[in-house]
1. Per residue, how many Å² of accessible area does segment B:2-111 show with a 1.4 Å probe?
2. Under the rule of at least 5 residues apart or a separate chain, name every residue whose amide H is placed under 5 Å from the amide H of residue A:124.
3. For every other residue with a beta carbon closer than 12 angstrom to the beta carbon of residue C:15, add +1 if it is Lys or Arg and -1 if Asp or Glu, then tell me the sum.
4. Can you put A:98, B:80 in order of accessible area, largest first, using a 1.4 Å probe?
5. Percent of accessible area on chain B owned by carbon and sulfur, 1.4 Å probe?
6. Quick one: angle between helix C:2-22 and the longest Cα principal axis of chain C, in degrees between 0 and 90, rounded to 10, please.
7. Would you work out if segment A:8-118 is rounded, prolate or oblate? Take a ≥ b ≥ c from the square roots of the eigenvalues of the alpha-carbon gyration tensor; rounded if a/c is under 1.5, else prolate when a/b is larger than b/c, oblate otherwise.
8. Quick one: Karplus J couplings for segment A:60-66, per residue in order, coefficients 6.51, -1.76, 1.60, θ = phi - 60°, nearest Hz, x for Gly and Pro?
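The values are calculated or read from the model by the stated rules, or taken from the named source; none is laboratory data. Note that the structure is a prediction, hence the values are computed from the model and not measured. Heads up, the Cβs are rebuilt from the backbone with ideal geometry, glycines too, and the neighbour counts pull from every protein chain shown. Accessible surface is based on the protein model in full, side chains and every heavy atom, while ligands, DNA and RNA are left aside. Shrake-Rupley method; radii C 1.70, N 1.55, O 1.52, S 1.80 Å.
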Amino acid sequence: MSRFIFSFVIFFLIWLGFTSTFHYQEVITGALLSLVLASLSYKSFTERGLFYLSPKRLFYILKYLAVFLIALVKANFDVAKRVINPKLPINPGIVTYHTTLKSDTAKMFLANSITLTPGTLTVDIIDDKLYIHWIDVKSEDPEVIYSEIGKDFEVILKEIFK
Amino acid sequence: MILNIVGNILVTVGTVFLFLGALGIFRMPDVYSRLQAGTKATTLGALSTVIGVGFLQPEWIWKTLLIAIFIAISNPISSHALARGSYKTGLKPYMKKEGLDSYAEVEKEEVK
Amino acid sequence: MIYIYVILIVLAIIFAALRGLLGPTASDRVVALDNLTTISTAGLVLLGFVFQRFIYIDVSLIYGVLSFVGVLTIARYLEGGL
């Protein structure tokens, strides 16, 4: 049941974004359509439903968004610095990153965030190993790799998916 | 008025980063570095341009936010798929120092 | 101001397209194509603002979705899993 309500809310929000009006006919049609869609697809759409909407998790999700946006802006200045520099200061390589997260959704978010943070790009995920293309390899020591690349995200993600 | 100024700043930042991303694709030496420059710079560039237009034209903000969320989710996924795909076609990453490629072992095992 | 935005976006499209023309391997061309689609999604929204037409926003949304599916298909093809 909670999965059903969760998918209904998501579909309804997307509908409101698409139509961008609050005219009552549009809202009623959207509600009916979301009901039908949610009843058809809630089983494959989400695994845990309203689980994500508790106040503590919402707080951590907001914190995650803040950390992520800061990292994204930093990443862009990093890229800009490298691209404008005529000598192209790069030292690329592929390193292995060991994650302690269990849930598949959490791993997906971690991989996407790593792709958008300074100088790293996820190439593949196999079980708990992430293969990461690093544009400026500082060290091959697993500890250094863990703290340099994804520690900030992983701590918060662990709280969200506990 | 304030919305106008904020919107103009966001669009300026966005277009500058779109340009830098394209320049990065042009200058980098191999596929993976190009993906790095391209993905990061064009993601922030597109996000900032789209949301900036939402600020300039406040009645469009909902739909522009939807486009922004979609770009933020889809762009890293497609770059990840492209990186994996190009590794499977046999392109080795450009390296200044040899032996920094831990993905090669996985590839070898799969061939066996 | 609008002229500056349009010039920057046109320059971005020119550089990405050059990489698409020069790119030594197929992957390089696909990477350039992927970035071209993102640039033109943002460019369409900006054009919608310049011409004051709301329909451009819808066009750019659908363009973004379709190009994402297209790039994923090409990536799967490169991987050999199609």
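1. Ligands and nucleic acids excluded, the figure is 37 Å² per residue.
2. For residue A:124, whose amide H was placed from the backbone, the distant partners under 5 Å are A:131.
3. After counting each charged neighbour, the total is +3.
4. I get A:98, B:80, largest accessible area first.
5. Of all accessible area on chain B, carbon and sulfur atoms account for 68 percent.
6. 10 degrees
7. prolate
8. The phi angles translate into 5, 5, 4, 4, 4, 4, 5 Hz.
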